[in-house]
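K.L.:
Handing you a structure now.
The values are calculated or read from the model by the stated rules, or taken from the named source; none is laboratory data. Bear in mind the structure is a predicted one, so any value in this text is a computation, not a measurement. Note: ideal-geometry Cβ built from the backbone for every residue, glycine included; neighbour counts use all protein chains shown. Please note that ligands, DNA and RNA were not included when accessible areas were found on the heavy atoms of the full protein model with its side chains. Shrake-Rupley method; radii C 1.70, N 1.55, O 1.52, S 1.80 Å.
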Amino acid sequence: MTVKDLATLTPSGYPAVSLLMPTHRTPPANQQDPIRLRNLLTETRRRLEADESVPADVAAAVYDEIAEAAAHVDLRQVGEGLALFASPGQVHVRLLDSPVNERVVVADTYEIRDVVADAARRHRYWALVLSEQPTRLWSGDGAHLVEVTTHGFPFTHEGPGGAQGLPRDYGQNPSAHRDERHRQFFRDIANALRRVDALDTRPVFVLGVERYLAFFAAEWTAPIAGTISGNYDRSGPHDLYRVLAPHLAAHQSSEQIAALEQLDVARGANRFAAGLPEVWQLAHQGRGAHLLVEENYHTPAWTHEDHLHPAEQPPTGEPAGTLVDDAVDDVVELVARQGGEVTFVGDGSLATDGRIALIVRY
């Protein structure tokens with residue numbers, strides 16, 4: 001799911017259960033993760049059964065959904081956090097690269113702020129490895145790559161000019177026939193990738209020998225984030241990432257530079273806000289078109305009516321303020337939910353803007 005998909009994730013009905021817990025990549029810290037997860041599931045069951053507005057069969061069904069999803073999570077292959085969401089007939093699982101506060105929430109909506117912010121910080125992409133035997137598509141999420149096996153992938157060139165070879169008696173120009181079959185093969189690949197990318201738009205990186213790169217480029221009209229020449233037919237995910245890493249870093253850097261240039265333009269047109277209190281207020285007014293945040297900027301804050309106050313300055317008066325553990329993630333979720341863009345930039349890039357800035361719609 002994209003950041004915007006996550007930001008608009010809605011439950012099928014009440015109750016909507018959100019289970020979030022920090023996880024650990026290595027021992028001995030990760031030895032406690034199964035115990036903590038079991039304890040949180042026990043707490044989930046207790047809350048559902050204690051909620052008199054939820055029929056017993058619905059409570060049992062929702063608990064079974066989230067418990068079964070939890071049972072399929074390999075806690076040896078996690079990052080910094082785990083999020084499970086369940087409502088009647090619906091369940092979602094997300095492994096996070098950012099730590100979360102441990103909690104179980106039963107409400108009308110899912111607690112998705114941490115998940116949206118984590119997704120916005122991660123760098124997801126498609127890696128297309130061109131070959132006749134076969135062309136493979138990989139779904140990349142940072143250093144983690146998983147091969148795609150839908151929409152016709154992997155593609156193998158089985159026809160004349162491919163696995164079958166060309167007929168010996170084929171006309172006067174067999175190379176022209178071979179080229180046409182290659183063009184059709186890579187046209188099919190491009191069409192399949194368009195269908196995949198339409199469901200989850202990401203930067204596309206293409207790897208292959210020069211001849212195949214040329215055939216594919218002739219069929220693919222959208223931008224290509226990076227092109228890598230070479231034969232990677234037998235490369236696994238770890239080898240592919242090693243090759244891709246410098247190209248991913250270059251693309252990320254170019255995206256950050258472009259976002260900062262857009263901010264400069266918006267600053268000149270007086271269509272921007274800087275500093276968390278002002279950004280938070282305008283985002284809540286639905287005016288956020290593009291949010292820029294420094295990578296490691298996190299801060300708690302008090303919300304009071306339509307204002308934000310520093311954590312060390314709790315608001316006075318009625319109604320009482322609410323302490324938010326990370327107001328930055330709140331703004332990330334809000335802008336994404338309203339269809340705005342979110343770009344994380346290097347620490348120090350927004351030093352004069354209070355580490356966060358917003359290009360506004362109007």
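K.L.:
Divide, for the chain, the radius of gyration over alpha carbons by 2.2 N^0.38 Å, where N is the residue count.
P.N.:
1.19
K.L.:
At a temperature of 20 °C and a viscosity of 1.002 mPa s, determine how fast the stretch 11-74 diffuses translationally according to Stokes-Einstein, using the Kirkwood radius over alpha-carbon pairs as Rh; express D in µm²/s, rounded to the nearest whole number.
P.N.:
Values: Rh = 12.8 Å.
The diffusion coefficient I find is 167 µm²/s.
K.L.:
Over the chain, what is the relative contact order in percent, taking alpha-carbon pairs closer than 8 angstrom and at least six residues apart?
P.N.:
This gives 15 percent for the chain.
K.L.:
Under a 10 Å cutoff between Cα atoms, tell me which one of His309, His72, His298 has the largest fluctuation in the Gaussian network model of the chain.
P.N.:
Comparing His309, His72, His298 in a Gaussian network model of the chain, the most mobile one is His72.
K.L.:
Pulled fully out, how much extra length does the chain show between Ala250 and Arg195, if you take 0.36 nm times their separation in residues and subtract their Cα-Cα distance?
P.N.:
17.2 nm
K.L.:
Something else about it: Calculate, for Gln285 and Ala61, the FRET efficiency according to 1/(1 + (r/R0)^6) with r their C-beta to C-beta distance and R0 56 Å; round to the nearest 0.05. Show your work: numbers first, answer last.
P.N.:
Values: r = 39 Å, r/R0 = 0.70.
With a Förster radius of 56 Å, E is 0.90.
K.L.:
How far, in nm, would the chain grow between Arg178 and Glu80 when pulled straight, counting 0.36 nm per residue and subtracting the alpha carbon separation?
P.N.:
30.3 nm
K.L.:
Taking only protein heavy atoms and a 1.4 Å probe, what accessible area per residue, in Å², does the stretch 4-88 have with all protein chains in place?
P.N.:
Result: 51 Å² of accessible area for each residue.
K.L.:
What distance in nm lies between label points placed 7 Å from Cα along the C-beta direction at His238 and Gln313?
P.N.:
5.2 nm
K.L.:
Given an 8 Å cut-off on Cα distances and at least 6 residues of separation, report the relative contact order of the stretch 1-106 as a percent.
P.N.:
Relative contact order, the stretch 1-106: 43 percent.
K.L.:
So which GluC sites (Glu not before Pro) in the stretch 244-348 are both in a DSSP loop and have at most 15 other Cβ atoms within 10 Å of their Cβ?
P.N.:
Within the stretch 244-348, the qualifying GluC sites (Glu not before Pro) (loop, at most 15 other Cβ atoms within 10 Å) are Glu295, Glu305, Glu312.
K.L.:
I've got another one for you. Using only alpha carbons, build the gyration tensor for the stretch 216-362 and give me the equivalent ellipsoid semi-axes, biggest first, whole Å.
P.N.:
Ellipsoid semi-axes (Å, largest first): 38, 18, 13.
K.L.:
Oh, and also: Just how many % of Cα pairs in the stretch 101-153 lie over 19 Å apart, if you round to the nearest whole percent?
P.N.:
Counting every Cα pair in the stretch 101-153, those more than 19 Å apart make up 51 percent.
K.L.:
Let me ask you something else. Once Lys and Arg get +1 and Asp and Glu get -1 on their Cβ, which of Gln281, His151, Ala311 lies farthest toward the positive end of the dipole of the chain?
P.N.:
Positive-end residue among those listed: His151.
K.L.:
Run the numbers for Asp97 and Arg122: contour at 0.36 nm per residue of separation, minus the present Cα-Cα distance, in nm.
P.N.:
In short, 8.2 nm is gained.
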